[in-house]
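Reading through the structure tokens given below for one structure.
Rule-based calculations on the coordinates, nothing more; no lab input. Small disclaimer: the values here were computed from a predicted structure and weren't measured. All Cβ positions, even for glycine, are placed from backbone atoms using ideal geometry, and neighbour counts span all protein chains on display.
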Amino acid sequence: MQKMKVGDTVQVMAGAEASEKTPATKRGKVLKIDQEAGRVTVEGLRLVKRHLKKTPQNPEGGIVEKPGTIALANLQVVCVKCDKPTRVGIKTDGEKRQRFCKNCDALID
């Protein structure tokens, strides 16, 4: 079972997006996961600028900011109950598998 899913709130723990003065306070929702590359697209983080040509669909063209990708290893899932970044464990209840917070044992799903 995958430990990070689309729609989860994550916090940046390391890398270029983690701020140096205050310890990693940047959070956002997961928009897309690329398992093969080990990268995640997070809403509002790692914004990159793309230059668009004038087209019939985009008559003005110009520079557009859109979210780039962040390495999976630099993110941690934020627990809903304790509101802290946490490691995720998996409990099996019969055939059903559920993700849980390793800090407070609250279910994430």
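Just a few scattered comments:
- Going from the residue with the fewest nearby Cβ atoms within 10 Å to the one with the most, LEU107, LEU45 rank LEU107, LEU45.
- The local environment of LEU52, defined by Cβ-Cβ distances under 14 Å, has a net charge of +3 under the rule Lys, Arg +1 and Asp, Glu -1.
- Qualifying lysines (Cα of each under 28 Å from Cα of LYS54; at least 8 residues distant if same chain): LYS32, LYS66
- Taking the chain as a Gaussian network of alpha-carbon nodes connected by springs under 10 Å, the highest mean-square fluctuation of the residues LYS49, LYS32, LYS96 belongs to LYS96.
- With contacts taken as Cα pairs under 8 Å at a separation of at least 6 residues, segment 1-95 carries a relative contact order of 27 percent.
- Per residue, the convex hull spanned by the Cα atoms of the chain measures out at 137 cubic angstrom.
- The chain: most fluctuating residue of GLU43, GLU17, GLU95 per GNM, C-alpha cutoff 10 Å: GLU95
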